[in-house]
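Asks: Could you have a look at this structure, given as C-alpha cells, before my questions?
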Amino acid sequence: MSEPSRPEENVFSEFAKVVLGTQLDEFRKVAVSARTNLIKLFQGEVEDISFQGRNIVKDEIQIQEVEVQTDQISIDPLSILLGKVRLSEPIDSHMRLVLSEDNLNQNMNSDYIQGFLKPIQLNVEGETVSLELKPPFSIRLLNNNKMRFTGNATIRTTKDAENMAFTSVICPRTDTKPVRLETFCCTPNDGRSIPFMISLMQWMQSLVSQPYQEFEGIAFQVKSLLIENKELITEVEIHAAQIPDL
C-alpha cells in the first residue's frame, strides 16, 4: 500500500497543475504528482515528478494522451514563484505519447510543424537533389505496424525543378527493429522511385543511426513506435538541460 501524500507534495502538485494549465490552449485533463518534503521543496528539490494529460492542444499541436515520468529534479525556487520553472541541473525523463490518426494529420498540416520542415538533401545517382515537402499531407495508420504517408514535393536539381505527388509506406521503429522505408512511389515520372527510395533509405538510416536527436536544446531518443487501433504509441527518453517555455 502506497504512503499518503504529504501536504507539501499536494501543494506543489496543484501549483504545477495550475501553471501547466495556463500555458496550454486546451486540455481535458491535467494531473501532476510529486514526491518531496518541505525542506527539499524550499531548496527546489523534488525526488520524482509525473505528469499526465489528455486531449491537449498547444500551438495547433494535438496530443491525445501524454505521460511524463522524471526522477530527481532540482529547480530554481525563485523561478517557481515567477511562474516559469527553471532547472538548476539537467534532468532525464521518460515520455509516453499517444496520437490518433486525426492528431497526426492535424499536426503534420499545422503551420507550427511546417515551420520546421527543411529541404532534404539527397545524393541520387551521384547528383545532389533537394526534396522539399509540400502540404497538404495525409497519414494513415495501417495494420502490421505500418504507416502510409502521402503528400506533394518539389524536386530541385542544379538544372530544373519538378513538382510531384508521392506515397510512401513506413515501418516505424520497434524494440528490435529500426525505422524502415518499405515503399516510395511518385508521380509523374515514377521512374525516379527506385533511386529515390534507395537515397531516402540511406538518408533515413543516417538519421536513425544517430544515438539521439535534438530539438530546441532537448536531446531525445525514440525507443519505440507502436500502431494499435488507429493510434500511434511512442516511447521517448529525454535529457533536458532546461524546460522549454510552452
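Asks: What's the total number of residues in segment 121-141 that are charged (D, E, K, R) and part of a loop (DSSP other than H, G, I, E, B)?
Replies: The number of residues fulfilling the criteria is 1.
Asks: Then there's this: Checking the structure you have, find out if any residue of segment 121-129 is within 23 Å of the chain's Cα centre (by Cα) and open to solvent by 70 Å² or more (accessible area, probe 1.4 Å).
Replies: Yes, the conditions are met somewhere in segment 121-129.
Asks: Kindly indicate which of 144, 152 is within 15 Å of residue 225 (Cα to Cα) and either part of a helix (DSSP H, G or I) or of a type in the set (S, T, N, Q) (or both).
Replies: Answer to the selection: 144.
Asks: Moving on. For segment 37-50, enumerate the residues that are open to solvent by less than 40 Å² (accessible area, probe 1.4 Å) and modelled with pLDDT of 75 or more.
Replies: Within segment 37-50, 46, 48, 49, 50 meet the criteria.
Asks: Can you name every residue in segment 168-182 that is over 21 Å from residue 210 (Cβ atoms) and either at pLDDT below 75 or open to solvent by 50 Å² or more (accessible area, probe 1.4 Å) (or both)?
Replies: Hit for segment 168-182 is 182, nothing else.
Asks: Could you please find all residues in segment 130-167 being open to solvent by less than 60 Å² (accessible area, probe 1.4 Å), among the charged types (D, E, K, R) and over 25 Å from residue 63 (Cβ atoms)?
Replies: The answer is 132, 162.
Asks: Please go through segment 223-237 and give me each residue that is open to solvent by less than 30 Å² (accessible area, probe 1.4 Å) and either of a type in the set (Val, Ile, Thr) or not in a strand (DSSP E or B) (or both), ordered by number.
Replies: Answer for segment 223-237, where residues must be open to solvent by less than 30 Å² (accessible area, probe 1.4 Å) and either of a type in the set (Val, Ile, Thr) or not in a strand (DSSP E or B) (or both): 227, 233, 234, 236.
Asks: In the set 117, 78, which member is out of contact with any helix residue (DSSP H, G or I) (no Cβ under 8 Å at 6 or more places or on another chain), of a type in the set (A, V, I, L, M, F, W, C) and at pLDDT 80 or above?
Replies: Answer to the selection: 117.
Asks: Does segment 82-114 hold any residues that are modelled with pLDDT of 90 or more, of a type in the set (Asp, Glu) and open to solvent by 40 Å² or more (accessible area, probe 1.4 Å), and which are they?
Replies: Hits for segment 82-114 are 102, 111.
The values are calculated or read from the model by the stated rules, or taken from the named source; none is laboratory data. Quantities reported herein were computed from a predicted structural model and do not represent experimental measurements. Ideal geometry is used to build each Cβ from the backbone, glycine not excepted, and the neighbour counts take in all protein chains shown. Surface areas here come from the heavy atoms of the whole protein model, side chains and all, with no ligands, DNA or RNA. Shrake-Rupley method; radii C 1.70, N 1.55, O 1.52, S 1.80 Å.
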